1. Among the residues that make up segment 123-131, is at least one of them of a type in the set (A, V, I, L, M), touching a helix residue (DSSP H, G or I) at 6+ places or on another chain (Cβ under 9 Å), assigned to a loop (DSSP other than H, G, I, E, B) and within 27 Å of residue 168 (Cβ to Cβ)?
2. Just name the residue that is surrounded by the fewest Cβ atoms within 10 Å (Cβ to Cβ) out of those in segment 159-183 that are modelled with pLDDT of 95 or more and basic (Lys, Arg).
3. Could you tell me whether residue 32 is surrounded by 15 or more Cβ atoms within 10 Å (Cβ to Cβ), at pLDDT 95 or above, over 19 Å from the mean Cα position of the chain (by Cα) and hydrophobic (A, V, I, L, M, F, W, C)?
4. Residue by residue through segment 42-101, note down the ones that are among the aliphatic types (A, V, I, L, M), crowded, with 19+ Cβ neighbours inside 10 Å, over 20 Å from residue 230 (Cβ atoms) and in contact with a Phe, Trp or Tyr (Cβ under 7 Å, 6 or more places away or on another chain).
5. If residue 196 satisfies all but one of (1) in contact with a strand residue (DSSP E or B) (Cβ under 7 Å, 6 or more places away or on another chain); (2) surrounded by fewer than 19 Cβ atoms within 10 Å (Cβ to Cβ); (3) over 12 Å from residue 220 (Cα atoms), what's the number of the condition it fails?
6. Quick one: would you say residue 91 is assigned to a helix (DSSP H, G or I), over 26 Å from residue 190 (Cβ atoms) and modelled with pLDDT of 95 or more?
Amino acid sequence: MSIETSESNILHHDRHGQYSQAVTIEDIRQNIADVQKRIEAACKRSGRDPASVRLLPVSKTKPEAVLRLAYAAGCRWLGENKVQEAQQKSEGLADLADLKWSVIGHLQTNKAKIVARFASEFQALDSLRVAAALNKHLQAEGRTLKVLVQVNTSGEASKYGLQPEEVADFIQELPQFPALRVRGLMTLALFSSEIERVRQCFVVLRELRERLRGNLPACVSLDELSMGMSGDFEVAIEEGATIVRIGQAIFGARALPDSHYWPSTH
């Protein structure tokens, strides 16, 4: 599915700090509209329906006041990396009853209880221990949770996620956790300005999904591919992303480069 990407849409991993801060509802509304236009263009290049791509605004490090602006601008889902930050924000914004939270960062088993209480989605499942802990706490809460399995497609030792060759056996184990609704795969690509190296991470995830689809447990589906962030989401869409996780292009640059905010295994 490799597609010739126009010069104006090349990767923007090197643009940290060039995203202006969104400080008004109109700023956020305009940024979302701009991202949506880029989503539509990427879909058009790859023969896809723009409605097949869900934009997940990622609000990590942004204060509650900005999140309220995002809600006023129409956001009803927000993604957060760190569990405790997400919990604090969900409690602080509890009056926004239809606001849903997607936890997209690595989860330790001792924090599974927190996620089970408030999250509507968890995108970084990569161990049976975490699956068991989530399942136990979700059942205690009388809830279910949509989950995606995180895959390390870049081969970097510093990244969390299962190796591609581990995913088939892992998925076969997941029906024992009935509170988990397994709906897809997630990955973090290389932080690189080399477009084809980044694209290959997305190709790996898409091709893995296609291989796995022929032998899935009845309760598991892999309809979702969560891949692509502010710097590379157009390439991810060209390769099949159904969820793109966009932070800086909506909210403005964070204090440090994006790679700083993703936990390392080291």
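The values are calculated or read from the model by the stated rules, or taken from the named source; none is laboratory data. What you see is a predicted model; the values in this text were computed from it and never measured. For neighbour counting, all protein chains shown are included, and Cβ atoms are generated from backbone atoms with ideal geometry for every residue, glycine included.
1. No, because not a single residue in segment 123-131 is of a type in the set (A, V, I, L, M), touching a helix residue (DSSP H, G or I) at 6+ places or on another chain (Cβ under 9 Å), assigned to a loop (DSSP other than H, G, I, E, B) and within 27 Å of residue 168 (Cβ to Cβ).
2. 181
3. Considered against the rule, which asks whether it is surrounded by 15 or more Cβ atoms within 10 Å (Cβ to Cβ), at pLDDT 95 or above, over 19 Å from the mean Cα position of the chain (by Cα) and hydrophobic (A, V, I, L, M, F, W, C), residue 32 comes out as no.
4. 99 - this is the single residue of segment 42-101 that is among the aliphatic types (A, V, I, L, M), crowded, with 19+ Cβ neighbours inside 10 Å, over 20 Å from residue 230 (Cβ atoms) and in contact with a Phe, Trp or Tyr (Cβ under 7 Å, 6 or more places away or on another chain).
5. Residue 196 satisfies every listed condition except (1).
6. In short, yes.
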